[in-house]
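To start, the structure under review is shown below, and the notes come after it.
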Amino acid sequence: MTIAFIPARCGSQSIRLKNIKLFCGKPLIYWNLKALEDAPNIDEVHVATDCDEIERCIRDFGFSKTHIYRRSNENASNTASTESVMLEFIEQKKLTSDTFFILVQCTSPFTQATDFELAMQQLSKTKADSLLSCAKIKRFFWNADGTPANYDFNSRPRRQDFDGTFMENGAFYINTVQNILKDKNRLSGKIIIHEMPDYTSLELDEPDDWTIGEILMRKYILKTSKIRPIKLFISDVDGVLTDAGMYYGEQGDEFKKFNTHDGKGFELLRNEGIKTAIITSEDTQIVARRAAKLKVDYLYQGIKNKLPLVREICEKEGITLNEVAYIGDDINDLEPLTHVGVAACPTNARPRVKQIPGIIQLNVAGGSGAVRTFVELLLENR
């Protein structure tokens, strides 16, 4: 049996609730959990936390392999070692000695499912006792006493001829339960290295790391991401289903302009068995009549804080936030847009919305068929 173990406590010395801070549009811990879920040779994933917020966030993902372990207060303090919570977990769960134990760290979000697969294959093939992930760094290092640590300065090599130095990147470690109990350490015996790309040497420990990390993530990892299947489609109204205009008649009557193509989009979703919802901060009979004509499953008006309501609908439908598509255009849509599986905005969306990492920026304005364009994109990639 092979299990993965992720320590994720509430406290953080540098960034508050770092483990669930948004990174490229998803809570940081999501990226490692997703990779572990996609790795076929990993049987279970356990997140050791002392935090209600982290637990709720993880449950929202709806991952099938992932379980929550509530670590003791003693092993959730600033001074507690990672090994201490590993040993606590192993003893509490009474893991068998031959279980493979993969320690995974949230601060290294670049790890892919293939890394875990290849690392396990390496361990099996070499018959080593344990493994750690490293990145090869081609830099010249020096000791404090003024002596070179990894090269001869009298014969300085060209970079292309320099082998470099393996640096622990903190992404993951593999050992057996038997070894961990015996040596009280994540590594022991004959140790081998699983090499990862040099950009994985960055760990997200300081605010500046976040900026650099998101650039690297978008360049090397997210470039291959695909639109995931969805079970619920949610739309805002003003600026999405309408052109954001406010039209008034001579008698003070208010009008809104909707687009018939968007109406067909809702019909296409309904025919595919995908639930639909409209959530808006406005509260008008115009929207109520339009929603009735569109035959949406859920209509909520006068809603200022939308994310809790999205979660409530998911709970009713027995689905996760990852199975939701949401289209919005303004700052009151920021929270749901950054938590759902697929997010999109029309071309007239506010700049802060367009800056959400990973959001699909449609080339159609609200009220001009933006919803229909998004729907077609979702169905094409279903």
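The values are calculated or read from the model by the stated rules, or taken from the named source; none is laboratory data. Remember, it's a predicted structure, so these values are computed and weren't measured experimentally. All Cβ positions, glycine included, derive from the backbone under ideal geometry; neighbour counts span all protein chains shown.
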Q) L337: within 21 Å of L222 (Cα to Cα), touching a Ser or Thr at 6+ places or on another chain (Cβ under 6 Å) and assigned by TED's automatic domain parsing to the domain that holds G245, yes or no? A) no
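Name the helices (runs of 4 or more DSSP H) wholly within region 284-382 that hold at least 2 residues that are within 22 Å of G263 (Cα to Cα), in contact (Cβ under 8 Å) with a residue 12 or more places away in the chain and not aliphatic (A, V, I, L, M)? Reasoning before the result, please.
Details: elements: 285-294, 307-317, 334-339, 351-354, 370-380.
Answer list for region 284-382: 285-294, 370-380.
Would you mind finding the one in T276, T280 that is within 28 Å of the chain's Cα centre (by Cα), buried (at least 16 other Cβ atoms within 10 Å of the Cβ) and within 17 Å of N332 (Cβ to Cβ)?
On the way: T276 fails: within 17 Å of N332 (Cβ to Cβ).
Of T276, T280, the one residue that is within 28 Å of the chain's Cα centre (by Cα), buried (at least 16 other Cβ atoms within 10 Å of the Cβ) and within 17 Å of N332 (Cβ to Cβ) is T280.
Take residues that are over 30 Å from A344 (Cα atoms), touching a Lys or Arg at 6+ places or on another chain (Cβ under 9 Å) and of a type in the set (V, I, T) and tell me which of the strands (runs of 3 or more DSSP E) falling wholly in region 1-117 contain 2 or more.
Numbers: elements: 2-7, 44-49, 66-70, 100-104.
Fully inside region 1-117 and qualifying: 44-49.
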Q: Within region 82-101, identify whether any single residue is assigned by TED's automatic domain parsing to the domain that holds L216, of a type in the set (A, V, I, L, M, F, W, C) and either closer than 30 Å to K219 by Cβ or without any contact (Cβ under 8 Å) to a residue 40 or more places away in the chain (or both), and answer yes or no.
A: no
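Table: residues versus (1) of a type in the set (K, R); (2) in a strand (DSSP E or B).
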residue: S124; (1), (2): no, no
residue: A144; (1), (2): no, no
residue: Y151; (1), (2): no, no
residue: N154; (1), (2): no, no
residue: P157; (1), (2): no, no
residue: G170; (1), (2): no, yes
residue: Y173; (1), (2): no, yes
residue: I180; (1), (2): no, no
residue: R186; (1), (2): yes, no
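In this structure, is I221 surrounded by 15 or more Cβ atoms within 10 Å (Cβ to Cβ) and within 30 Å of E380 (Cβ to Cβ)? Walk me through it before giving the result.
On the way: surrounded by 15 or more Cβ atoms within 10 Å (Cβ to Cβ): yes; within 30 Å of E380 (Cβ to Cβ): yes.
Considered against the rule, which asks whether it is surrounded by 15 or more Cβ atoms within 10 Å (Cβ to Cβ) and within 30 Å of E380 (Cβ to Cβ), I221 comes out as yes.
Tally up the residues in region 6-16 that are buried (at least 17 other Cβ atoms within 10 Å of the Cβ) and at pLDDT below 90, please.
Restricting attention to region 6-16, the residues satisfying the condition of being buried (at least 17 other Cβ atoms within 10 Å of the Cβ) are 6-9.
Filter again for at pLDDT below 90, leaving 9.
Residues in region 6-16 being buried (at least 17 other Cβ atoms within 10 Å of the Cβ) and at pLDDT below 90: 1 in total.
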Q. Do any residues in region 254-283 that are closer than 14 Å to G367 by Cβ and of a type in the set (D, E) have Cβ atoms under 7 Å from those of residues that are modelled with pLDDT under 95 and assigned to a helix (DSSP H, G or I), where the two are at least six apart or on different chains, and which pairs are they?
A. D262/V371; D262/R372
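In region 118-163, which residues are of a type in the set (D, E) and under 22 Å from M86 (Cβ atoms)?
Passing the criteria: only D129.
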